[in-house]
Each structure stands twice: as structure tokens, then as C-alpha cells.
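Take a look at the structure below.
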Amino acid sequence: MGSTITVRGLHKSYESLKAVDGVSFDVEAGEFFGILGPNGAGKTTTLEIVEGLRKPDAGAVELFGESPWPRNPALLPRIGVQLQASSFFERLTAREQIHTFASLYGVGAKKADEMLELVGLTDKADVRAEKLSGGQMQRLSIACALVHDPELVFLDEPTAALDPQARRNLWDLLRAINTQGRTIVLTTHYMDEAEILCDRVAIMDHGRILQSGSPAELVRGLDTPTRISIETGAIAVDEARRLFQGAEVDDDGVSLTLVTRTPAPVLAALAERNALRGLSVRGATLEDVFLNLTGREYRA
Amino acid sequence: MSSGFRSLSRAMLLGFVRDRTALFFTILFPLMFLVLFGGLLKNQGVSRSKVIEVGPVAVIDQVPADAKRELGKLLDVTKMTDRAKALDAVRKGDYEAAVEQQGDRVMVHYSAADQVRAGTVRSVFDQLVQQTNLAAAGTPPRLSLDAQQVEDKSLKTIQFVTPGLLGWAIATGATFGAAMTLVTWREKKILRRLRLSPVRISSVVSARVGVSVGVALLQTAIFLGVASLPSFGLKLSNYWWMSLPVILVGTFAFLSIGLVAGAWAKTQESANVIAQLVVLPMAFLSGSFFPLDSAPKWLQAVAEIFPLRHLNQAMLDVMVRGKGPASVLPEMGILAGFAIVLTLLATRLFRWDDV
Ligand SMILES: Nc1ncnc2c1ncn2[C@@H]1O[C@H](COP(=O)(O)OP(=O)(O)O)[C@@H](O)[C@H]1O
Ligand SMILES: [Mg+2]
């Protein structure tokens, strides 16, 4: 049994711009795969080539062992897609939208209503799609992508333009869907989102995948020091310098920060002195991975 | 019928009936013209024949005042003195006839190009001469002119504005419907979303065709219903039902125009402008607003290239002129041919999206 998705050597140029420049990856069944990168990295172009919406200049894509280009009707019922720009029929209510999409897949009205309930839009069912808030539209769009129980789901920046609460709710929903055994491919420019949701991420910039792996692996692969912060005054700066010779110590008047490659003894010593007030410990994140790969700050 | 066809038809239909602007321009606006033309111009018959009076013509000049008013409904008399110029004007088609009188001889010069008009003018003067002869014979001169001599004697205003305006309404509805669906669905990314669903393209197309045919039939029902009200008094001929298949192929023809406009245009605004630029001049030149009978010959010839001209003609023939069902088959053939050619062109221009 092969991979659910196999992508080999994709290239796509728009005039002189190489939007996708040699992208290859595999996604296994049941995986939660993320494509992470700043705006303009080529995520949408890659995703839409994989979905079969755009034709690559070069390279090959297989979904369940079949090519999605040209339009492959055998594949379509097995995949669910949420496009980056939401696509709704004009002047139709949320319920009418999802009923329409459901019936395109031969799915009944009852299932469609359940899906609406699942994304928490039952009370907005009679509101026209264009009157929904950004977050509500996004959820409706995802509900329409999931209404036919696809095995493979593509989501293009599903949490863009959502408030933090709505993002968290959506994360819960996506995790639940993934737990049911569905394969999810998501693009995002939020580092934390990729880190929290994805089994595996591919970090993308300028049309290329710079590195891929599980978020934990990627972070561990960086030999980055840990930053330990406590409230200023919990321990005197001089004492901290004396105690932790190998660490960088800095006090900005609010927090005292220790940057060290050996966090365990530092924490133990602080605990001994009862100096853990306001403690926060920060290891490396995917942001540091990006910085390390590109030499520049991550700015979405 | 696939569930894709049904749900897409429903989505389109709901989108249409909730679009006030579309409803206004496809139904209410043409209906306003019908009420205006059919109601206000109720008592006007077909347009008058333009006649040149070369020098003094006694049979015209001596007509009593009240009869002159009657005569004025049929003839629009212009005086000229230059005979050659007058004849030239008739030859050009600017006037239907030139009349001169030399002693007892009344001469009517007419162009054979428009037989109906020429016939009207001739019979009017026949009568005038007869009346004058009778008067000369001692019988009191009494002119009783009415529209009897005109071939389309039944064509009161409502009789010809109903098919014409209905043709315009159908052309507007079908062209805009197809163009707007195509452009809006592409702009709103619905087409790309549909492309990723297992729906067949034929379902998408037949949904649009089905909705447009439904809209056209609704327009027909409303138009015929309103025009048949006693205050307008439309009288349908026996073969009016033949207008339904005519409307069907007419709708196909305008859908195909809309498909080309929609495939070509990038934005809703430009689709709107293109459709408007196509339909409105065509409506004027196809006799939707006024009969073309008095238009110059060359213009009438040009009008033959418009599908709306053929739709209007065919509807006029079977709805009010009482011609038999077979008489409109050539027109239906032209409309169908138009639809096929433009649909093929539209499929070549078709784009799922702008990417
Ligand atoms: N249809 C297109 N025509 C021209 N340029 C495009 C088109 N689609 C994408 N691009 C360009 O390709 C690059 C990658 O775009 P995209 O894949 O949308 O990035 P992302 O989704 O990561 O933000 C961008 O520079 C974008 O401007
Ligand atoms: Mg994108």
C-alpha cells in the first residue's frame, strides 16, 4: 500500500517567478501534514497542484495512486477541499449552501445539518453566507469540505482571519476529524498552529521545502539554548551571575532571563532558593527553526 | 436527473429570485414598456405611410377637414415641388410614394421594394380618386377612410408590442443569466469548487439552461397575461402555442450569447457591459420597440443578422398574425444554428478560473 499522497519534483512558474521550485513530499494515511511558510512561499500553489486545480509545469502528483490532473472524477468523492478564498453561491443561506454541496456528492440533508451543527453554525443556518463573519464563513467552508466524509482533506489557511477563541475551537474540530482516521493536509503561516496540530510539517520558503519532519524533531535538531525567565528580584542579578557561570544573564527590570544550554541544574538551583516566582521556560520553537534555515526572522 | 442538476438549478433559481436588480431588469422593466406602449399608445395603428405631394394634388387638397384628419392617420404628406428630387427620395426608400396630379390624371409613384406599404398607399389613392369621381357625378363627397386596407389590419399597438417586448425581455434574461452565472461563479471561485466536486459539467450547463428556459416561460406567461387584460386587449391567434418552441430555441440562442460574453469577460461589470452592448442595440434594430417596416431597406437587411429579429418575427407570425406553425420553422432553424455556433465558441473560450 503506497502513500496517500506522493509529490515528486513539482515546478510551477508565473512568468519569471518560480512559485513552486522543486517540491517533493509524501503523506501517509491518517497523517496530519502541515505546509508552513510565510505569505508568498508557494503553499497555495503547491496545494492546488496537488488537488488537481492547477497544472504543474513539471513534476508528478498521485493521490491514492492516481493522478489528479486532468480532472479525475474517480478521485473527487474521496477528497474534501477548503479553498483559500471561500467560495459560496450568491444569496444563499448557510443551510442552503451546505445542502447544495452535500447533494453534489449525493449526501442527504440530514447529514448536512449535522455538519452545520458540528461546526457550531446551527443558529446561523438561515443567514446568507455573505452576511456571516470571517470566522463563521471559514467554518461553513470547512463544513462544506467535510460534508461527504472524505478520506483526505485539504485546508488552505483555515484559521486565517479567526480570533484566538475561534482558532482554538477550529483546532479541536480538526484534531477530532484527524482522530477519526482522516488524512489532513493543511497550509498555515502560523508557527504555533503547525506545532500544535501537525504530525509532520514541511517548512516552505521561495517555492522550496527547506526541511520537513515532526515539529519536535525539527526543534530538537536545533542546538538552541533554553530561556528561563523569573520575576526581577526573585534572585539578585549578581548572585545569578555567580551561581550560573555558563549562562547569559539579563535583567530588564521586569524579568530576569537566563539563557542556558543546561536548564535542569539551573532550575534545581532556583527551586532550592525558592526563586521561581513568575517562572517561564521557553525552548526553541519552529520560529527558531525557520530563522536557522533562512537566516531571517519569521514574519508571516 | 442527477441530484447535481437539481441542486444547482435550485441554487441558481434562488440566487435569481433574491436578486432584485435581475428581477427588475428581466421582468418588471420590460413589463413597464408593455404597459406604456400598450396602454398609452392604445389607439394608434401601424405607423403612417410617408408620401410626397409633388406640386398641387387636388384629390388630397380638396378633402374636407374632418376626412383630412382620418387621412392623416394613414398618410404623412410632405409637399415638394421638384419632381426629380421627389422620385429620387422614393427610390431611396425615404418615402413610400410620390403623388402628382396633371389635370384629371392622378399619378402615384411608388417603390416596389415594400409591397405592403405600396399597397396601402395605392388603395388609399384608389379610394380618393373614386370618391372624387363620385362627387363629380353628383353624389355628396364622403370619405370613409380607416385602416381596413392595410394588410396588418389587426395589428393594433398591443398586438405588435407584445411579441417585440417579450422578445427583448427573453433576450435580456437569457443573455444576462448565462453571462452573470459564468462570471460570478468564476469570480466567487464557485466554478473551481465545483470542479473539485464530482458534479458533471453537463449538469452545471443543463441547470443553467433549465433555469433560463423556466425564466423565459415565466416572462411569457406574465407578458401574455398582462397584455390580454381587457384594458390592453391582446388577441392571440390560433397558433399562438407555436410560440413556445420558438421561445425555447430563442432562449438557447441568447444563452449562447451570454455564455460567450461570460467566458470572455473577466469581471461582473464587464460582463454586464458586454451583454448590455449586445442586447440593447439589437433590440432597437430588431423591432422590439417599434416596427421596422418604415426603416430604410439597408437597415432591415442588417437586422436579419440578429437572432432577436428572427425571434420577434417568428413570435409575431404565430402569436398575432395567425400564420401556421410551419411558417416559423426557418426562423427556428436560424435561431438553433446561432445557438450551436456560439455554444461551440463558448466551450472554446471557457475557463474554470483565472489562475
Ligand atoms: N495565478 C498566479 N499568477 C501569477 N502569480 C501567482 C499566481 N498564483 C500565485 N502567484 C505567485 O506565486 C507566489 C506563491 O503564491 P502562493 O502559492 O499563493 O503563496 P502562499 O499561499 O504561500 O501565500 C506568490 O509570489 C504569488 O504572487
Ligand atoms: Mg496561500
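The values are calculated or read from the model by the stated rules, or taken from the named source; none is laboratory data. Note that this is a predicted model, so its numbers are computed, not measured. Methodologically, a virtual Cβ is constructed for each residue, glycine included, from the backbone with ideal geometry; neighbour enumeration extends over all protein chains shown. Accessible surface is based on the protein model in full, side chains and every heavy atom, while ligands, DNA and RNA are left aside. Shrake-Rupley method; radii C 1.70, N 1.55, O 1.52, S 1.80 Å.
Some observations on this one:
- Top-ranked residue in region A:45-61 [being crowded, with 18+ Cβ neighbours inside 10 Å and of a type in the set (A, V, I, L, M); ranked as farthest from ligand 1 (Cβ to nearest atom)]: A:61
- Filtering region A:67-78 to residues that are within 8 Å of chain B (Cβ to nearest Cβ) and either modelled with pLDDT of 95 or more or part of a helix (DSSP H, G or I) (or both) leaves A:76, A:77.
- Residue in region A:8-22 that is hydrophobic (A, V, I, L, M, F, W, C) and more than 12 Å from ligand 1 (Cβ to nearest atom) present: no
- Among residues that are within 16 Å of ligand 1 (Cβ to nearest atom), more than 9 Å from every other protein chain (Cβ to nearest Cβ) and among the aromatic types (Phe, Trp, Tyr), residue A:64 is not included.
- Residue satisfying all of: in region A:250-278; under 34 Å from the mean Cα position of the chain (by Cα) and among the aliphatic types (A, V, I, L, M); farthest from residue A:232 (Cα to Cα) among these: A:264
- Region A:71-85, subset touching a residue at least 12 places away in the same chain (Cβ under 8 Å) and surrounded by fewer than 19 Cβ atoms within 10 Å (Cβ to Cβ), residue farthest from residue B:192 (Cα to Cα): A:78
- Set side by side, the residues A:129, A:109 differ, and just one is within 12 Å of chain B (Cβ to nearest Cβ), open to solvent by less than 10 Å² (accessible area, probe 1.4 Å) and out of contact with any Pro (no Cβ under 8 Å at 6 or more places or on another chain), which is A:129.
- Candidates are the residues of region A:149-192 that are of a type in the set (D, E, K, R), more than 16 Å from ligand 2 (Cβ to nearest atom) and within 12 Å of the chain's Cα centre (by Cα); the one that is most open to solvent (accessible area, probe 1.4 Å) is A:175.
- Elements of type helices (runs of 4 or more DSSP H) contained in region B:241-355, each with 3 or more residues being assigned by TED's automatic domain parsing to the domain that holds residue B:193 and small (Gly, Ala, Ser): B:243-264, B:268-285, B:329-349
- The set of residues in region B:170-208 that are surrounded by fewer than 20 Cβ atoms within 10 Å (Cβ to Cβ) and farther than 26 Å from residue A:81 by Cβ is empty.
- The condition (being in contact (Cβ under 8 Å) with a residue 40 or more places away in the chain and open to solvent by 10 Å² or more (accessible area, probe 1.4 Å)) is satisfied by just one residue among A:32, A:64: A:64.
- Unmet requirement for residue A:122, which otherwise passes all of (1) open to solvent by 60 Å² or more (accessible area, probe 1.4 Å); (2) away from ligand 2 (no atom under 16 Å from the Cβ); (3) within 13 Å of chain B (Cβ to nearest Cβ): (3)
- When region A:105-118 is filtered for residues that are under 28 Å from the mean Cα position of the chain (by Cα), in a helix (DSSP H, G or I) and not small (Gly, Ala, Ser), the ones remaining, listed by number, are A:111, A:113, A:114, A:115, A:116, A:117, A:118.
- Of all residues in region A:79-86, at least one satisfies being within 12 Å of chain B (Cβ to nearest Cβ), of a type in the set (Gly, Ala, Ser), within 16 Å of ligand 1 (Cβ to nearest atom) and part of a loop (DSSP other than H, G, I, E, B).
A quick yes/no check of all residues on (1) farther than 30 Å from residue B:344 by Cα; (2) out of contact with any Asp or Glu (no Cβ under 7 Å at 6 or more places or on another chain); (3) open to solvent by less than 60 Å² (accessible area, probe 1.4 Å):
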site: B:232; (1), (2), (3): yes, yes, yes
site: B:244; (1), (2), (3): no, yes, no
site: B:256; (1), (2), (3): no, yes, yes
site: B:262; (1), (2), (3): no, yes, yes
site: B:271; (1), (2), (3): no, yes, yes
site: B:282; (1), (2), (3): no, yes, yes
site: B:291; (1), (2), (3): yes, yes, yes
site: B:296; (1), (2), (3): yes, yes, yes
site: B:305; (1), (2), (3): no, yes, no
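- Take the conditions (1) more than 14 Å from every other protein chain (Cβ to nearest Cβ); (2) open to solvent by 30 Å² or more (accessible area, probe 1.4 Å); (3) within 30 Å of residue B:168 (Cβ to Cβ); residue B:10 misses just one of them, which is (1).
- Every residue from region A:38-61 that is within 16 Å of ligand 2 (Cβ to nearest atom), more than 14 Å from every other protein chain (Cβ to nearest Cβ) and at positive phi: A:40
- Scope region A:196-223; condition surrounded by 21 or more Cβ atoms within 10 Å (Cβ to Cβ) and outside any loop (DSSP other than H, G, I, E, B); matching residues: A:197, A:201, A:202, A:203, A:204, A:209, A:215, A:218
- Residue match in region A:258-271 (condition: among the charged types (D, E, K, R), modelled with pLDDT of 85 or more and either outside any loop (DSSP other than H, G, I, E, B) or surrounded by fewer than 13 Cβ atoms within 10 Å (Cβ to Cβ) (or both)): yes
- Condition broken by residue B:353, with the remaining ones in (1) open to solvent by 20 Å² or more (accessible area, probe 1.4 Å); (2) over 30 Å from residue B:120 (Cβ atoms); (3) touching a residue at least 12 places away in the same chain (Cβ under 8 Å) satisfied: (1)
- In region A:26-44, residue nearest to ligand 1 (Cβ to nearest atom) [restricted to those that are farther than 16 Å from residue A:9 by Cβ and over 16 Å from the mean Cα position of the chain (by Cα)]: A:28
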